[in-house]
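First the structure, in the form of structure tokens, and then the observations on it.
The values are calculated or read from the model by the stated rules, or taken from the named source; none is laboratory data. All of these numbers come straight from a predicted model, not from anything done at the bench. Every residue, glycine as well, gets a Cβ built from its backbone with ideal geometry; the counts of neighbours run over all protein chains shown. All accessible areas refer to the heavy atoms of the entire protein, side chains included, with ligands and DNA or RNA removed. Shrake-Rupley method; radii C 1.70, N 1.55, O 1.52, S 1.80 Å.
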Amino acid sequence: MGRRPRKRFCRLKLKRFIYLISPNKIKSDFYDDLEDVLSSNIVKYFQLRLKNYPSSTILKIGKRIKKITRKKNVKLIVNDSIDIAKKLNSDGCHLGQSDGSIKYAKKILYKKKIIGITCHGSKRLILNAIRERPSYLALGSFFKSKLKPKAKRAQKKLIRWSKRRTRLPLVAIGGINN
């Protein structure tokens, strides 16, 4: 008996990548460490996530990080602030549920920019976000995290559920350290 012919293109080839998020505090040695990590060529996106810094400091840090991410061909995503993303001319912006709408972000940042949104572990938020057509959905927290110790944990099956409803890239967040 001969071999059965393989079905070609019956499955989407999944692209997997690392979406790295900055620590809460940027120390002086951070920039050299970031350059070393990005030299691995496995990180595709870097999110600048600084919650307790004034905008002027985030801009200053962001400009320095942008030089590194550009040199290493990594996309720079700014967390929470459409305005800072625009001022830095970053590659995009990541929005929490209270950071403005995807529609507004697209208007300010132009349609070519990457715009992601946090959906936590909520199917309702995922479905609402899909209708607004972001660049990606962030799901989680999937594991216990020092960053958000009281966050409600998302179930891993949420990833499969989401994949059945959209082809948007999914970013799994929360306590993933290795």
Problem - Karplus-derived HN-Hα couplings along region 121-126 (A = 6.51, B = -1.76, C = 1.60, θ = phi - 60°), whole Hz, x at Gly and Pro - result: x, 9, 5, 4, 5, 4
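Evaluate region 56-102: find the radius of gyration of its Cα atoms, find its Kirkwood radius, and give the ratio Rg to Rh. Numbers along the way, then the final one.
Working: Rg = 10.7 Å, Rh = 10.9 Å.
Ratio value, two decimals: 0.98.
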Completion exercise
Amide H contacts under 5 Å for Ser81, restricted to residues at least 5 apart in sequence or on another chain and with H modeled in the peptide plane, are His94
Completion exercise
Computed over region 56-114, the relative contact order (Cα-Cα under 8 Å, seq sep at least six) in percent reads 28 percent
Completion exercise
antiparallel share of DSSP beta bridges within region 17-146, to nearest 5, in %, is 0 percent
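Of all the accessible heavy-atom surface of the chain, with the other protein chains kept in place and a 1.4 Å probe, what percent is carbon and sulfur? Present the calculation step by step, with values, prior to reporting the outcome.
On the way: 6430 of 12790 Å².
The C+S portion of the solvent-accessible surface of the chain is 50 percent.
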Exercise for the section: For Ala138, list long-range residues whose amide hydrogen, built 1.01 Å from N in the peptide plane, is under 5 Å from its own amide hydrogen. Expected result: Ile117, Thr118, Cys119, Val171
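Could you calculate the FRET efficiency of Ile18 with Asn52 from 1/(1 + (r/R0)^6), where r is the beta carbon distance between them and R0 is 35 Å, rounded to 0.05?
With a Förster radius of 35 Å, E is 0.90.
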Problem - Difference of contour (0.36 nm per residue) and Cα-Cα distance, Lys123 to Thr166 - result: 14.3 nm
Problem - Protection proxy ranking of 135-146, 49-60 - average other beta-carbon atoms within 10 Å, highest first - result: 135-146, 49-60
Handout entry: Karplus-derived HN-Hα couplings along region 169-175 (A = 6.51, B = -1.76, C = 1.60, θ = phi - 60°), whole Hz, x at Gly and Pro
Key = x, 10, 10, 8, 10, x, x
Handout entry: Relative frequency of Cα-Cα separations exceeding 22 Å in the chain, percent
Key = 49 percent
Practice task
List every residue whose amide H lies under 5 Å from the amide H of Ile114, counting only residues 5 or more places away in sequence or on a different chain, with H placed 1.01 Å from N in the peptide plane.
Solution key: Gly92, Cys93
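Between Ile176 and Lys71, what is 0.36 nm times their sequence separation minus the Cα-Cα distance? Round to one decimal in nm. It would help to have the intermediate numbers written out before the result.
Numbers: separation 105, 0.36 × 105 = 37.80 nm, distance 2.61 nm.
Length gained between Ile176 and Lys71: 35.2 nm.
Quick one: dipole size for the chain, taken about the Cα centre, charges +1 on Lys/Arg Cβ and -1 on Asp/Glu Cβ, in debye to the nearest 20. Walk me through the numbers before you get to the answer.
Working: 48 positive and 10 negative charges, 275 e Å.
The dipole of the chain has a size of about 1320 debye.
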Practice task
Among Asp32, Asp91, Asp83, determine the one that fluctuates most according to a GNM of the chain built with springs between C-alpha atoms less than 10 Å apart.
Solution key: Asp32
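Pop the C-beta distance of Lys150 and Lys63 into the FRET formula with R0 = 22 Å and round what comes out to the nearest 0.05. Mind dumping the intermediate values first?
Details: r = 33 Å, r/R0 = 1.51.
E between Lys150 and Lys63, to the nearest 0.05, is 0.10.
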Exercise for the section: Using the structure shown, list the pairs from Lys15/Lys111; Lys67/Lys156; Lys27/Lys75; Lys25/Lys72; Lys66/Lys111 with a Cα-Cα distance above 30 Å, or answer none. Expected result: Lys67/Lys156
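Select from region 100-140 those trypsin sites (Lys or Arg not before Pro) which occupy a DSSP coil region and have at most 11 other Cβ atoms within 10 Å, ordered by residue number. Don't skip to the end; give the middle numbers.
Numbers: sites: Lys103, Lys106, Lys107, Lys111, Lys112, Lys113, Lys123, Arg124, Arg131; in loops: Lys111, Lys112, Lys113.
Counting only loop positions with at most 11 other Cβ atoms within 10 Å, the trypsin sites (Lys or Arg not before Pro) in region 100-140 are Lys111, Lys112.
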Problem - Relative contact order, percent, the chain [alpha-carbon distance under 8 Å, six or more residues apart] - result: 13 percent
Fill in the blank from the handout: Each label sits 7 Å from Cα toward the beta-carbon; between Phe143 and Lys87 the label points are separated, in nm, by 3.5 nm
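When only Cα pairs under 8 Å and 6 or more residues apart are kept, what is the percent relative contact order across region 93-153? Kindly include the intermediate steps, with their values, before the conclusion.
Numbers: 73 pairs, mean separation 18.3, N = 61.
Reported relative contact order: 30 percent.
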